[in-house]
Amino acid sequence: MASDHDRLNRYLNEALATERALIATLDAHIAMTPRGPYRQLLERHLRETRAHAQVLSARTSGGANLVNLALGLAESTAGLLLSVAKGPLDLLRGGPDLQEKLLKNAKDECATEALEIATYDAIEALATQLGDIETATLARTHRADEERMLADLRELIPSLVAEVAEDTSSFPIHGYDELNAGQVAARLSELSQADLATVLAYERARRNRRAIVEKAEQLTATEPWAGYDTDSPAEIIDRLNASLAGAVRDYESRHQRRVAILEAAQRELSGSA
């Protein structure tokens, strides 16, 4: 049976494996997080985590034991939380799932901080029992950083939730990332040229699905006049004349296909024949 001193060394190695895994995770999360309070929080904790790992590395007898702990960690629930985020780099471009991903990252980070706090609780308790005041103090110091990070993350989450709602509502097609290519393509003709360009740029940078890209390219055109896409049907019909009727008919038949506008354009063309 392992001695209490062996157990303490194992706990320290577990803490070191967790801190090292968290460094990789924080690096990945920072890469996809826009500048602002959340990114500043991640950058601060990355500095703390690197310092923790350095201190722990100097106090542990790692070697094969640390390698085995790292492998075991990767197979655990904690490992899933600490795995390097593989979010695509196109998240940096924005889009309807960026804020959702950031919120998920923050929730995962909360779970990781709780894990670290519990690990340092165990280290402090055993070190105190063994009279190892230096290790007990180390555990308390590191845990204070983790507790502060957890508190700051929890304080930040409501604002991330609000940003998810704002980001999702502003994208031209609601629930875009849950739709298949056919469903998206079927909705493209309803979009203005500005919204069409937004969707096309997002799709090209992300999944680049052929059906969507080709359909969007086909629909990309010059409006009959500036602001046409934002005009109401009544405003369009009032502005129609023989010189504009052909462009309106061609554009409208490819896009929203509103019957009243098409009929008005045809009347103008028939009257000028």
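Could you say whether any residue in the range 211-228 is charged (D, E, K, R), within 22 Å of the chain's Cα centre (by Cα) and over 17 Å from Asp250 (Cα atoms)? No - not one qualifying residue is present in the range 211-228.
Taking the options Ala151, Ala118, Ala162, Ala144, name whichever one is under 25 Å from the mean Cα position of the chain (by Cα), surrounded by fewer than 16 Cβ atoms within 10 Å (Cβ to Cβ), in the same structural domain as Ala51 (by TED's automatic domain parsing) and within 30 Å of Val55 (Cα to Cα). Let's see the steps before the verdict.
On the way: Ala118 fails: under 25 Å from the mean Cα position of the chain (by Cα); Ala162 fails: within 30 Å of Val55 (Cα to Cα); Ala144 fails: under 25 Å from the mean Cα position of the chain (by Cα).
Among Ala151, Ala118, Ala162, Ala144, only Ala151 is under 25 Å from the mean Cα position of the chain (by Cα), surrounded by fewer than 16 Cβ atoms within 10 Å (Cβ to Cβ), in the same structural domain as Ala51 (by TED's automatic domain parsing) and within 30 Å of Val55 (Cα to Cα).
Taking the range 233-273 as the range and being surrounded by fewer than 20 Cβ atoms within 10 Å (Cβ to Cβ), within 17 Å of Leu191 (Cβ to Cβ) and touching a Lys or Arg at 6+ places or on another chain (Cβ under 7 Å) as the test, only Pro233 passes. Among residues that are of a type in the set (Lys, Arg) and modelled with pLDDT of 85 or more, Arg143 is included. Taking the range 179-210 as the region of interest, how many residues are touching an Asp or Glu at 6+ places or on another chain (Cβ under 6 Å) and of a type outside the set (S, T, N, Q)? Residues that pass the stated criteria total 2. Would the range 149-158 turn up any residue that is of a type in the set (Asp, Glu) and in contact with a helix residue (DSSP H, G or I) (Cβ under 9 Å, 6 or more places away or on another chain)? The answer is yes; a qualifying residue exists.
The values are calculated or read from the model by the stated rules, or taken from the named source; none is laboratory data. Worth saying up front: this structure is predicted, and the values here are computed from it rather than measured. Note that we place each Cβ from the backbone using ideal geometry, even for glycine, and neighbour counts take in every protein chain shown.
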